[in-house]
Amino acid sequence: MDWSNWVYLGVGLFIGLGSSWLLTQRSVKPIARESPITPTNQQAEILLQETIRNTQLAYEMAKEMSEFKGGFLARTTHELRSPLNGLIGLHQLILSDLCEDPAEEREFIAQAHERALKLLHLMDEILNVVRTEHGTNKLDIQPRPVAEILQEVYNLTYMLAVDRNFKLRVIPPEPEICVLADQRWLRQILLSFVDTAISHMKEGSICLSCGLSDDYVQIWLDLPQHALLSYESIDLLTSETSDVEPEKTALSPGMKLLLNQKLLTTMGGKLEILAHPVTGDTEQLARIQISMPLEILKIELPQ
């Protein structure tokens, strides 16, 4: 092999190595350009925001329930103080001879009697729940059709929602899906939540539905976030007694929430407040979730 063959061989090797290097660089560059995946990052951000929102709601719920339990005596005293102050005030007017005539005195006595009955009603509401929690009042725990309970709640609250121009929807489950609960108490708890939500709503709609999760039926009350139950301060014994609501006829939303939570726990259930799972809505929604033990009715087929 003479020197010219060596020259041709060297030039061929140089051209081959250069071509392979250029091809390698071209194959690497597009991969580097495609590495940032924007859709995946957006999905992860949305999921993170939803998780943070759920965590915040769960924290607020746990904090409020802890305060409710710790200040049950103070809260009960506060609930009963308002009608009691009104009752005392009417008696003071009569005893101080500030009535203009016997007719006005009789009217004050009638008002005092009415407030005494309201006070007795509030005490009975609290005592019934406490007795149930401690086993004095026996619960009638039986398999109850969820669809039947939701329909009863709808029938009892539909006109209240219509009168205030709100939309109330109920999405019933299959007829064979039942919960192990005391039907009277569970219906009363749902009525309490719907009634309180309607009284606090400014606009929007309410939806009652349910789903299954493991061995539980989850009953959902979806409502505008501004209609969530408001909480009062736990430091109730130091509040001013002058701010009396003479026309108050029912327990406060905070007290109702505490009593409902106690009843659900006694029946083996659980109460949670969650962020609404549907995103992208213009209306900010929240979800009250009640979890109760599941029972499936066995329907016997005709032979």
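Filter the helices (runs of 4 or more DSSP H) completely within region 1-113 down to those with at least 2 residues that are at pLDDT below 60 and aromatic (Phe, Trp, Tyr).
Working: elements: 3-33, 38-70, 72-95.
Counting at least 2 such residues, we get 3-33.
If you filter region 237-280 down to residues that are at pLDDT 50 or above and small (Gly, Ala, Ser), you find that the one that is surrounded by the fewest Cβ atoms within 10 Å (Cβ to Cβ) is Gly280.
Among the residues of region 129-138, are any in contact (Cβ under 8 Å) with a residue 60 or more places away in the chain, closer than 21 Å to Ile290 by Cα, in contact with a helix residue (DSSP H, G or I) (Cβ under 8 Å, 6 or more places away or on another chain) and open to solvent by 50 Å² or more (accessible area, probe 1.4 Å)? Yes: one or more hits.
Of the numbered criteria (1) under 28 Å from Pro224 (Cα atoms); (2) assigned to a strand (DSSP E or B); (3) not hydrophobic (A, V, I, L, M, F, W, C), the one Ser199 fails is (2). A Cβ distance below 7 Å, combined with a sequence gap of six or more or placement on separate chains, defines the contacts here; from region 140-157, residues that are under 18 Å from Gly211 (Cα atoms) reach residues that are in a strand (DSSP E or B) and open to solvent by 60 Å² or more (accessible area, probe 1.4 Å) in the pairs Pro143/Glu295.
Within region 111-127, residues that are within 9 Å of Pro83 (Cβ to Cβ) reach partners that are of a type outside the set (A, V, I, L, M) with beta carbons closer than 7 Å, at six or more positions or on different chains, in the pairs Arg115/Pro83; Arg115/Gly86; Lys118/Pro83; Lys118/Thr249; Leu119/Pro83; Leu122/Glu79; Leu122/Pro83.
Which of the residues that make up region 141-172 are charged (D, E, K, R) and open to solvent by less than 80 Å² (accessible area, probe 1.4 Å)? First the steps, then the outcome.
Within region 141-172, the first condition is being charged (D, E, K, R), and the residues that meet it are 144, 148, 152, 163-164, 167, 169.
Arg144, Glu152, listed by residue number.
Here is a yes/no grid of residues against (1) in contact (Cβ under 8 Å) with a residue 24 or more places away in the chain; (2) touching a strand residue (DSSP E or B) at 6+ places or on another chain (Cβ under 8 Å); (3) acidic (Asp, Glu):
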position	(1), (2), (3)
Asp163	no, no, yes
Lys167	yes, yes, no
Ile171	yes, yes, no
Ala181	yes, yes, no
Arg184	yes, no, no
Arg187	yes, no, no
Thr196	yes, no, no
Asp215	yes, yes, yes
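The values are calculated or read from the model by the stated rules, or taken from the named source; none is laboratory data. If you're wondering where the values come from, they're calculated on a predicted model, not measured in any experiment. A quick note on method: Cβ atoms are made from the backbone with ideal geometry, for glycine too, and the neighbour counts reach across all protein chains shown. The accessibility values were calculated without ligands, DNA or RNA, using every heavy atom of the protein model including side chains. Shrake-Rupley method; radii C 1.70, N 1.55, O 1.52, S 1.80 Å.
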